Every structure is written in C-alpha cells, then in structure tokens.
Amino acid sequence: MEPDVEPPAGLRGILASVERLDMWLHIALVVLTVTSVWRYINGHGFDNRALVIMLGAGVLLAVYASSPIVGRSRSPVAAPAWCLTLVAIWLVLVALAPSFAWLAVTIAFVALRVLRFLAAALVVAAMMGAVVAAWTRMQGEFDPTIIAGPACIAGLAILAYRLMERDSAARQRLLDDLRDAQGDLADAQHEAGVLAERTRLSREIHDSVAQGLASINLLLQAAEQHWTARPSAAHEYVGQA
C-alpha cells in the first residue's frame, strides 16, 4: 500500500497561491465581461447589437463555467475543444465590441494552461492580432502603440506562464522524489521489522533447545549416578530423558 504523501509547508503555500491565482482569474473574467457589456450599452444604447452582445457574453460565461477546474480535464480532446470554443466566442465579441479586448489576458492564460505550448502561443498571437484589428478599427487610424502594447502583453503572458510551468514541473518532481523516499522508508521499516521478528524467533528457538538439552543432560547424569544402586530410578531417568 502506497503511503500518503503530505507536501511540505513551502509546497503547500505555493499550491495555495496557485489556487488563489485561479480564483482571481475567474473573478477578473466575470468582472471584465460584465463591464464590457455595460460600456457598450452605456455608449451605444440598448440596440439590436446590444442584445447580441449580452447573449454572447452570457454564452461566454456559461462556456467558461462549464469547466470550473481550468486546464485539468482528464479528456485529451475535451479540454482543447472547450478552450477553442471559448476563444471563438471571445473573437466574435471583440469584433462586435472592442471593449472585450480586455478579456484577452485572462483567456490567454486559459489557453496556455489547456493547450500545448506551441499551439497556445499561436492562439495567443491570433488573439493579440484580433485586439489590434479591433482597436485600430475603433480609432479609425494607425497607432503604433496599439500594436506594441498587445504584443508586449502577449509576450509577457507567455513568458510568465512558461516560468510558472517550469516551477510547477519542478514542484512535481520534488513531490515525486518525496513520495519515492517515503516508499523506500516504508519498505526499509518493513524489512527491519521482519528481521527483528526473525531474530526474536531464532533466539526463542535457541533458548528452548538449549533448555531441553540441559534437562536431558541432567537426567542422564542422575541415571548414571543411580545405575547400580537404584536401577529402577535410573531407568526412569533414562525414560524421561
């Protein structure tokens, strides 16, 4: 039976920090989605496009909530398909309302966690392209900062996640080493217990044999002493021996 491994306090703190980061990402996505909807309605009024944007925002949140444990789906196909669906809905919303571009960072982190690194990097690059196109269309003129800003944000997001991924892999290796060490310790303790029990049994057997041989020797000595004077007693001692 494999022993339960309790992560060290430092690792537990790091894992708790990762869970808190997930929580803040969820909160940020919800807040930014609601704010983007409100900004469009506040600036353009409650028109037909507003209804489509509200419906799209609701679908985005519903799809996001359908996988509460982001990036930990057991299916090798379901998680990427879910992520790409989320990105596709976001792209439609960005085309309708550029304010949804602010969701790019949170969705980029989702893509980096769910997809393979190269595929995720391509998806993030495409998302940044959509952001640049939406903001350029909104301003009606070319602005270098619109390109430089999203490009820098995308690069920093990819770099930050890459570092987090390496730290996570290092923590996992440390936990695996700890689990192996505890398994080896349990095996060593088991072997030590078996050896101690064998030693105890050997000592008891040795003591019993020694006691029996001593009793036989004493009985034979008594028989020898009485062999002539009391032959019946001597025969009795021999029989007992």
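Remarks
- Selection of first residues in segment 160-186 that are surrounded by 13 or more Cβ atoms within 10 Å (Cβ to Cβ) and of second residues that are at pLDDT below 75 and among the acidic types (Asp, Glu), restricted to Cβ pairs under 8 Å at least 6 apart or on distinct chains, gives the following pairs, ordered by first then second residue: Arg179/Glu2; Gly183/Glu2.
- Pairs with Cβ under 8 Å, 6+ apart, first in segment 100-122 and within 16 Å of Trp135 (Cβ to Cβ), second among the polar types (S, T, N, Q): Phe100/Thr33; Phe100/Ser36; Trp102/Thr35; Trp102/Ser36; Leu103/Thr33; Leu103/Ser36
- Any chance His226 is open to solvent by 90 Å² or more (accessible area, probe 1.4 Å), over 30 Å from Ala121 (Cβ atoms) and at pLDDT below 75: no
- Filter result (touching a Pro at 6+ places or on another chain (Cβ under 7 Å) and either closer than 19 Å to Ala148 by Cα or of a type in the set (Lys, Arg) (or both)) within segment 100-136: Met128, Val131, Val132, Ala134, Trp135
The values are calculated or read from the model by the stated rules, or taken from the named source; none is laboratory data. Keep in mind that this is a model prediction, so the values were computed, not measured. In this analysis, Cβ positions are derived from the backbone assuming ideal geometry, glycine residues included, and neighbour counts consider all displayed protein chains. Quick note on the areas: whole protein, heavy atoms, side chains included, nothing else; ligands and nucleic acids left out. Shrake-Rupley method; radii C 1.70, N 1.55, O 1.52, S 1.80 Å.
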